[in-house]
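What follows is a short report on a single structure.
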Amino acid sequence: MNTGTRHLTIIGAGLAGALLGILLRRRGWDVDLYEKRGDPRVRGYEGGRSINLALAERGRHALRAADADDAVMHHAIMMRGRMVHVGDTEPVLQRYGRDDDEVIWSVHRGDLNIVLLDLAEAAGARLHFDQGLSAVNFDSRRAMFVDPRDGGEREVRFEALVGADGAGSALRSAMHRVRDLGERSDFLDHGYKELEIPPAADGGFRIEPNALHIWPRGHYMCIALPNDERTFTVTLFLPHHAQTDGGPAFDQIPDASRARRFFEREFPSALALVPRFDADWDANPVGQLGTLYLERWHLDGRAVLLGDAAHAMVPFHGQGMNCAFEDCVALARQLDAHDDLAAAFAAFEAERKPDAAAIQRMALDNYLEMRDRVDDADYLLQRALELALQDRHPGRFVPHYAMVTFMRIPYSLAMTRTDIQRGILERATAGHATLDTLDWSAIDAEVLDLLTPLEDVPA
Ligand code: FAD
């Protein structure tokens, strides 16, 4: 058990860095947070990507551990399920869970970051903005920071560094120079672009606010998440490059007028909601998406990585931040449990690496489901059976989405059970068009044979 006051230097005061700062200060650690960008509370949020995020139980649990949940939930909008827009028919809500206890929440990235920074500062963390990590001497334990406004340099001594500096982590690059971290990145052939649905003339939401809207179109899709100022952020996910099947791609849409024609054809109901379409299209860049695989996350007791810096993932399960928040709780717990930093960092890595790998894979799987399957008859039948089996075998057959989103069981366990359950669903529904013709006694026997009762991690 660690008792004396120790010091940690956190690189990146984004979502994970700020939350970790609060958790560590509450445990008596001395904390400095260095952030490349300016203070968003003074200069406005300069996030530059994904304006709003889906917050789920794992993330909320971590926020509760930092006494930050109430302040964050003040800005959150409930999303009960997916509102699926296909053709000219009225959109249909596919609930995520059984009732309003099983929902996710849309939160503005900037609001969330600001709430966490305020709480970190109030807890006694020292915040240093406009300080981008540029180099590290791990032998002398000195880190160099550059002020992006004037190029001014600053040298800082450290006991240990925590890299919460995101997918392009500068700390990861510095660590890699002294220890091969076994890094590999797989970029998706799809990118994303954001557009905005403003409030209606009467100041309200233009479409159903308590849902995540999806316009699935096979190899591409749009989604829209609500913001508490009554706007929605629309994200178009589309291949970067022309496909062999002749499908659309960003490189075939050179300007806003071509983009408008593409939306008129493919997403007319979404286009009608985006009055500043041309300006948004021109202003917002196409973002890259990828998965970062890392064999090693720490350098003895001198540095450790977490969040996107250790395991960036594609956003299709809405779990990157939730996973990063779980990392923060796990690291704080391991630091409590070990006097030696190297032992704490090693234990943290051993605990979290299998779970990060599992949610990375499930996030990739979910992309196919969202863009291609949510309006497909086989998928809808399997989803109906999943819900029926949840009722027939409560606590034993728990739908995939519920295990990942409403529970806190390890992601790796959720993935193993998902694979088993998917097999049961596929075998049971093969050749059937409705639940009425299924062989229920055989399905029940298979569930009892292959799945043990499942309990959530205690609060
Ligand atoms: P970041 O949020 O990237 O924060 C890193 C911080 O480090 C930033 O403030 C940055 O300025 C700073 N920094 C960078 N370099 C340096 C440096 N050299 N020195 C000092 N500071 C530095 N996750 C969800 O859970 N739900 C969602 O719905 C969701 N949707 C997403 C949609 C999209 C399109 C994308 C791209 C991601 C989405 N994610 C979602 C994932 C989520 O955004 C990330 O997992 C999360 O932001 C990771 O937090 P982080 O603190 O590790 O990194």
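The numbers here are math on the coordinates, done by the rules we state, and not lab data. Not measured: the values here are computed from a predicted model. Note: ideal-geometry Cβ built from the backbone for every residue, glycine included; neighbour counts use all protein chains shown.
Tabulated results
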| quantity | calculated |
| --- | --- |
| Sparse-neighbourhood loop sites, trypsin sites (Lys or Arg not before Pro) in segment 201-282 - DSSP loop, at most 13 other Cβ within 10 angstrom | Arg276 |
| Gained length - Asp67 relative to Arg149, 0.36 nm times residue gap less alpha-carbon distance | 26.1 nm |
| Segment 363-432: mean projected area of Cα convex hull, nm² | 4.8 nm² |
| Three-way shape call for the chain based on the alpha-carbon gyration tensor, with the a/c threshold at 1.5 | oblate |
| Helix-only [θ]222 nm of the chain, DSSP H runs n ≥ 4, -39500 (n - 2.57) each, per residue, nearest 500 | -11500 deg cm²/dmol |
| At R0 = 51 Å, FRET efficiency that the Cβ-Cβ distance of Ala272 and Arg26 yields, to 0.05 | 0.60 |
| Most positive-pole-ward Cα, Gln390, Met407, Ile420, against dipole of segment 376-450 from beta carbon charges | Met407 |
| Global geometry of segment 188-288, whether rounded, prolate or oblate, following the gyration tensor of its Cα atoms and the 1.5 cut on a/c | prolate |
| Extension gain (nm, one decimal) between Asp391 and Asp245, 0.36 nm per residue minus Cα-Cα | 48.4 nm |
| 0 to 90° range, to nearest 10: angle between helix 109-122 axis and the chain longest Cα axis | 30 degrees |
| FRET efficiency for Asp100 and Ser134, using Cβ-Cβ distance with R0 set to 60 Å, rounded to 0.05 | 0.80 |
| Calculated P(r) tail over 19 Å for segment 48-206, as whole % of Cα pairs | 72 percent |
| Charge tally in the Cβ shell below 12 Å around Arg206, where Lys, Arg are +1 and Asp, Glu are -1, Arg206 excluded | -2 |
| Tilt relative to the chain, helix 256-266 - C-alpha long axis, 0 to 90 degrees, to 10 | 40 degrees |
| Near-label residues of segment 367-404 by backbone N, under 19 Å of a point 7 Å along Cα→Cβ of Trp440 | 381-399 |
| By average C-beta atoms within 10 angstrom, highest first, the peptides 59-66, 16-23, 440-447 | 16-23, 59-66, 440-447 |
| Sites Ala342 and Asp449 - FRET efficiency at Förster radius 51 Å, r taken between beta-carbons, to 0.05 | 0.70 |
